[in-house]
Amino acid sequence: MRCDAPPATQPLVSVIMNTYNGEPYLREAIDSVLAQGYQNWELIFWDDASTDKTPVIAKEYAASDSRVRYFRVELKTTLGAARNLALQQVRGTYIGFLDSDDLYLPDAIARQVQLIEAGDYGMVYGRTIIIDERGEVRDKGKVRYRSGRLLADLLRRYDIRMGSALVRRTVLEHAGLGFNETLRFAPDYNLFMQIAAAHEIGVIREPIFKYRRSSGSLTRKSFHLVSREVGQTLDDLETLYPDAVRSCPDAMKMARDKLCFYEAVNHIDQGRYSLARSALAPVVAARWQYLGLYLALLLPIPRGWVLRVINRKS
């Protein structure tokens, strides 16, 4: 799908690309922005003190296309802080996010803009294709929900990939929203769940984005952070959006129960099966999956196998 209107009549979309040592896939990522059928965009390239050839590559693109705007800090920051610094540079009506190892499909921005302008949505997101380090498709992805008030659904099972999201800039500005700079694993989850608590969310059923899942992904390195940071987001929702939370008590309980699961996964990753069972014990009656994992941890099952099964089911 192409947007046929001339660029001057299209709202400006600011795409933020936060990068630290993104050399391996950087050209692919930037080229996927350049290949968009929708042409009225700017790319805010935020270099978080890279030490590889990231600056050389990014500056090359900035020199050849004025829509690519390159920024750099000399001291590395947290991801949330880097994203907030990039947010300060945006000029667009809408804001998208693309990491330097991921890819937009050619009609991504056109589909995002078409949907967000069709309704009173605070943000939109779409279906994500999972690829590996070689770019081969590993999962064609799916979206579980339809456009509307999605807080309860997202509390039960969160399915937003950041690169598929487009946010209305005024939503952030009017509420003073940004990325929580104390969070290392889930600053995007924290922000998007706050938007979902206050606004309708648009959902694009077709694939618009490719997410690269690598063997050194942040998730595996950050198991110990998940329960704490997701729990902090739930606390924030209860404090800042009490009416929205009161409207979906069962979903909030399910989300709270899942914190025990996240804690158990961290213990499993460290080979601490006894502690994992203790973490799961309070919620084994909540879902049969928790009971099944609890019972499996009584057996001498290799840690790697358990983690692979969890990854497929979660």
For this session: Please identify the pairs in which a residue from the stretch 232-255 that is within 17 Å of L177 (Cβ to Cβ) has its Cβ atom under 9 Å from the Cβ atom of a residue that is open to solvent by 40 Å² or more (accessible area, probe 1.4 Å) and among the polar types (S, T, N, Q), counting only partners at least 6 apart or on another chain.
Result: Q232/T182
Problem set entry | Close pairs (8 angstrom Cβ cut-off, 6 or more residues apart or separate chains): modelled with pLDDT of 95 or more and assigned to a strand (DSSP E or B) in the stretch 54-77, open to solvent by 100 Å² or more (accessible area, probe 1.4 Å) and not aliphatic (A, V, I, L, M) anywhere | Y70/K59
Exercise. If we scan the stretch 72-83, do we find a residue that is closer than 16 Å to N21 by Cα, of a type in the set (D, E) and under 24 Å from the mean Cα position of the chain (by Cα)?
Worked result: no
Seminar exercise, completed: Scanning the stretch 88-97 for residues that are open to solvent by less than 30 Å² (accessible area, probe 1.4 Å), over 15 Å from the mean Cα position of the chain (by Cα) and either β-branched (V, I, T) or under 16 Å from D47 (Cβ atoms) (or both) gives V90
Problem set entry | Cβ pairs under 7 Å, 6+ apart, first in the stretch 256-283 and surrounded by fewer than 19 Cβ atoms within 10 Å (Cβ to Cβ), second basic (K, R) and part of a loop (DSSP other than H, G, I, E, B) | none
Problem set entry | Residues of the stretch 47-65 classified as closer than 19 Å to P24 by Cα and either touching a Ser or Thr at 6+ places or on another chain (Cβ under 7 Å) or small (G, A, S) (or both), total | 7
Problem set entry | Boolean, S100 is hydroxyl-bearing (S, T, Y), open to solvent by 10 Å² or more (accessible area, probe 1.4 Å), part of a loop (DSSP other than H, G, I, E, B) and at negative phi | yes
Seminar exercise, completed: When (1) open to solvent by 40 Å² or more (accessible area, probe 1.4 Å); (2) closer than 24 Å to D132 by Cβ; (3) touching a strand residue (DSSP E or B) at 6+ places or on another chain (Cβ under 7 Å); (4) not charged (D, E, K, R) are applied to N21, the one that fails is (3)
Exercise. Applying the selection to the stretch 270-304, what residues are β-branched (V, I, T) and not in a helix (DSSP H, G or I)?
Worked result: V284, I301
For this session: For the stretch 9-16, state whether one or more residues are part of a loop (DSSP other than H, G, I, E, B), open to solvent by less than 50 Å² (accessible area, probe 1.4 Å), touching a Pro at 6+ places or on another chain (Cβ under 9 Å) and at pLDDT 95 or above.
Result: no
Seminar exercise, completed: Within the stretch 88-114, the residues that are touching a residue at least 12 places away in the same chain (Cβ under 8 Å), polar (S, T, N, Q) and farther than 22 Å from Y25 by Cβ are Q89, T93, Q114
Problem set entry | Condition met for A35 (of a type in the set (G, A, S) and either at pLDDT 95 or above or in contact with a Gly (Cβ under 7 Å, 6 or more places away or on another chain) (or both)) | yes
Exercise. If you take the residues in the stretch 160-186 that are among the charged types (D, E, K, R) and outside any loop (DSSP other than H, G, I, E, B), which one is most open to solvent (accessible area, probe 1.4 Å)?
Worked result: E173
For this session: From the list R127, R157, R144, R134, pick out the single residue that is touching a residue at least 40 places away in the same chain (Cβ under 8 Å) and open to solvent by 30 Å² or more (accessible area, probe 1.4 Å).
Result: R127
For this session: Within the stretch 202-218, identify whether any single residue is of a type in the set (S, T, N, Q) and at pLDDT 95 or above, and answer yes or no.
Result: no
For this session: For the stretch 284-298, indicate whether the set of residues that are within 23 Å of D235 (Cα to Cα), of a type outside the set (A, V, I, L, M, F, W, C) and modelled with pLDDT of 95 or more is non-empty.
Result: no
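The values are calculated or read from the model by the stated rules, or taken from the named source; none is laboratory data. This structure is a prediction, so every number in the text was calculated from the model and none was measured. Methodologically, a virtual Cβ is constructed for each residue, glycine included, from the backbone with ideal geometry; neighbour enumeration extends over all protein chains shown. In case anyone asks, the SASA skips ligands and DNA or RNA and just uses the protein heavy atoms, side chains included. Shrake-Rupley method; radii C 1.70, N 1.55, O 1.52, S 1.80 Å.
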